[in-house]
1. Would you mind checking K42/K120; K33/K87; K87/K120 for any pair whose Cα atoms are more than 26 angstrom apart?
2. Can you tell me what percent of all Cα-Cα pairs in segment 12-112 are more than 24 Å apart?
3. Probe 1.4 Å, all protein chains in place: accessible area of H101 in Å², nearest 10?
4. Out of the total accessible area of segment 21-124 (probe 1.4 Å, heavy atoms of protein only), what percent is carbon and sulfur?
Amino acid sequence: MGKSDFLTPKAIANRIKSKGLQKLRWYCQMCQKQCRDENGFKCHCMSESHQRQLLLASENPQQFMDYFSEEFRNDFLELLRRRFGTKRVHNNIVYNEYISHREHIHMNATQWETLTDFTKWLGREGEHETYLNSGHVVPWQGGKSCHGCYVNLCKKGWAGN
């Protein structure tokens, strides 16, 4: 058996690791680098390029968090608008589809600690109707939330406070 045998367990494992998303635990959002394991992540953290990124971030940490939060918000809402239109959809469904994209912004780099916090924030900002007891979000219709949809859902008892 030589190097060309691609059906060996090692070769299969390497292909799986190289093509798909891996554990969030070994991802550096600052450098946008995914590491395969703890040792790789440890080596990355000791690298000169990572140290430079940390110095840049330490000068103005709020700017970096604001940037990542804005990118996450824009990408999430764009997916919500394009994929789900004006349908009522659970926020976890949208989030799972969002994180399936390889180049997504990780939520732990944003100002929101949880998806629920983000959904509540969307409701407070008035950009979307949110139903917190069920975790649903209704995308906008023509740039604004569909207030008529919200009123109808309230009458049916589907909308939360």
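1. Values: K42/K120 35 Å; K33/K87 35 Å; K87/K120 18 Å.
The answer is K42/K120; K33/K87.
2. Details: 1725 of 5050 pairs.
I get 34 percent for the Cα pairs in segment 12-112 exceeding 24 Å.
3. It works out to around 100 Å².
4. On the way: 3280 of 6690 Å².
Accessible surface attributable to carbon and sulfur in segment 21-124 totals 49 percent.
The values are calculated or read from the model by the stated rules, or taken from the named source; none is laboratory data. Everything numeric in this text was worked out from a predicted model, so none of it was measured. Each accessible area value is taken on the protein alone, full model and side chains, heavy atoms only, with ligands, DNA and RNA left out. Shrake-Rupley method; radii C 1.70, N 1.55, O 1.52, S 1.80 Å.
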